[in-house]
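A short worksheet on the structure shown next.
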Ligand SMILES: [Zn+2]
């Protein structure tokens, strides 16, 4: 496996003939984790291996130049599944999540936000994250699993900031400005909501990072 810390997956493939130019294909719409665009790149140097990795909010799949359309589609599906599985496995550890929170707090909030607990929950379908400042507890929706890391980081940082400032006033957003991908992450989540994958509810007590 690669030492690259970014998501990456590889697979073996039989070779067949057919060729076409690199292009971007829309990914299947059935899974949250596939919400980002997929770019298929064909390489004549590549003989039998397929690999895939995340590049920003897109997924790049590298395949042999001679692969057929049907094989390409099959391998794109396989590689998306592999990447999503790796990412959710990587994100599932609550200890890792706590470490991530500590790092984000250090990096962007001067270490002032110190949550007592950070964990994934599966009963949060209308919110990406929530927190209880009195307890110092933060909960993230499992629906974030498989989304790009910068999106998960943003939601985590958003909840960390709520430990310092309740509500969404100017003081709150000033804290978030330190994180360079706030706007991009919000756009990503808005896109997911707009696509109808998550009902957008707001009201007292609801938090929409
Ligand atoms: Zn909020």
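None of the figures in this text is laboratory data; all of them are computed from the coordinates on show. Not measured: the values here are computed from a predicted model. Heads up, the Cβs are rebuilt from the backbone with ideal geometry, glycines too, and the neighbour counts pull from every protein chain shown.
A few comments on the model shown:
- Cβ-Cβ FRET estimate between residue 119 and residue 49, R0 fixed at 30 Å, reported to 0.05: 0.20
- Three-way shape label, the range 103-198, alpha-carbon gyration tensor, a/c 1.5: oblate
- Spin-label zone in the range 141-165 - amide nitrogen under 18 Å from a point set 7 Å from the Cα of residue 94 along the C-beta vector: 141-145, 156, 160
- Cα-based shape type of the range 59-159, given that a ≥ b ≥ c are square roots of the gyration tensor eigenvalues and the cut on a/c is 1.5: prolate
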